[in-house]
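Asks: Below you'll find the structure I mean.
The values are calculated or read from the model by the stated rules, or taken from the named source; none is laboratory data. Small disclaimer: the values here were computed from a predicted structure and weren't measured. Here the Cβ positions follow ideal geometry from the backbone for every residue, glycine too, while neighbour counts run over all protein chains shown.
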Amino acid sequence: MFSMTAWPPLLTTVLLLTASNVFMTFAWYGHLKHLNSSPWWIAAFVSWGIALFEYLLQVPANRIGYTTLSLGQLKILQEVITLTVFVPFAVFYMGQGLKINYLYAGLCLVGAVYFIFKT
């Protein structure tokens, strides 16, 4: 039987947060592509429906991650995953151009990871 509790907490956290971020990104930005001509409140309800799945993954991810990571480490990990999910979404799904600013933002996050995980 499949059980994520047998996996290392960091791996479980990263996988759940990555899946959560996919839902979050679609909830936050997917309506711009598919519901652009709909009233904002329809987009909001659709986004809330998608966000439910985000929360069903994000809450356990944070609870599991907090067993081995500090709150700051958990937050920076979330930001790195967010950018890692957002860039391909923006480029491939939304058709935005790949910008050098994404690289700069990633480099800033590498610095944040270094400092927050430095013991």
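Asks: Mind counting the residues in the stretch 83-119 that are closer than 23 Å to Thr68 by Cα and either touching a Lys or Arg at 6+ places or on another chain (Cβ under 6 Å) or not aliphatic (A, V, I, L, M) (or both)?
Replies: Going through the stretch 83-119 one residue at a time, the tally reaches 7.
Asks: Also, I was wondering about something else. Of all residues being among the hydrophobic types (A, V, I, L, M, F, W, C) and over 12 Å from the mean Cα position of the chain (by Cα) in the stretch 3-18, which is modelled with the lowest pLDDT? Just the residue, please.
Replies: Just the residues of the stretch 3-18 that are among the hydrophobic types (A, V, I, L, M, F, W, C), to begin with: 4, 6-7, 10-11, 14-17.
Applying the additional criterion that residues be over 12 Å from the mean Cα position of the chain (by Cα) yields 4, 6-7, 10-11.
Details: Met4: 59, Ala6: 75, Trp7: 83, Leu10: 94, Leu11: 95.
Taking the candidates together, the pick is Met4.
Asks: Right, another one. Please go through the stretch 96-106 and pick out each residue that is assigned to a helix (DSSP H, G or I) and either more than 17 Å from Val80 (Cα to Cα) or not hydrophobic (A, V, I, L, M, F, W, C) (or both). Even if it seems obvious, please write down each step before you answer.
Replies: Applying the first criterion (assigned to a helix (DSSP H, G or I)) to the stretch 96-106 yields 100-106.
The answer is Asn101, Tyr102, Tyr104, Gly106.
Asks: Would you point out the residue of the stretch 24-43, among those that are part of a helix (DSSP H, G or I) and among the hydroxyl-bearing types (Ser, Thr, Tyr), that is farthest from Ile81 (Cα to Cα)?
Replies: If we filter the stretch 24-43 for residues that are part of a helix (DSSP H, G or I), which is where we start, we get 24-34, 40-43.
Within this subset, residues satisfying the condition of being among the hydroxyl-bearing types (Ser, Thr, Tyr) are 25, 29.
Working: Thr25: 11, Tyr29: 16 Å.
Once the filter is applied, the top-ranked residue is Tyr29.
Asks: In this structure, does Asn21 turn out to be within 14 Å of the chain's Cα centre (by Cα), part of a helix (DSSP H, G or I) and not aliphatic (A, V, I, L, M)? Break it down into steps so the answer makes sense when it comes.
Replies: Details: within 14 Å of the chain's Cα centre (by Cα): yes; part of a helix (DSSP H, G or I): yes; not aliphatic (A, V, I, L, M): yes.
Spelling it out, Asn21 is indeed within 14 Å of the chain's Cα centre (by Cα), part of a helix (DSSP H, G or I) and not aliphatic (A, V, I, L, M).
Asks: Can you give me the number of residues within the stretch 44-72 that are part of a helix (DSSP H, G or I) and surrounded by 17 or more Cβ atoms within 10 Å (Cβ to Cβ)?
Replies: Going residue by residue through the stretch 44-72, those that are part of a helix (DSSP H, G or I) are 44-65, 71-72.
Add one more test, that the residue is surrounded by 17 or more Cβ atoms within 10 Å (Cβ to Cβ), and what stays is 46-47, 50-51, 54, 57-58, 61-62, 64-65.
Residues that pass the stated criteria total 11.
Asks: Report yes if some residue within the stretch 86-95 is touching a Ser or Thr at 6+ places or on another chain (Cβ under 9 Å) and outside any helix (DSSP H, G or I); otherwise report no.
Replies: No, the stretch 86-95 contains no residue that is touching a Ser or Thr at 6+ places or on another chain (Cβ under 9 Å) and outside any helix (DSSP H, G or I).
Asks: Is one or more of the residues making up the stretch 93-100 surrounded by 14 or more Cβ atoms within 10 Å (Cβ to Cβ) and among the aromatic types (Phe, Trp, Tyr)?
Replies: no
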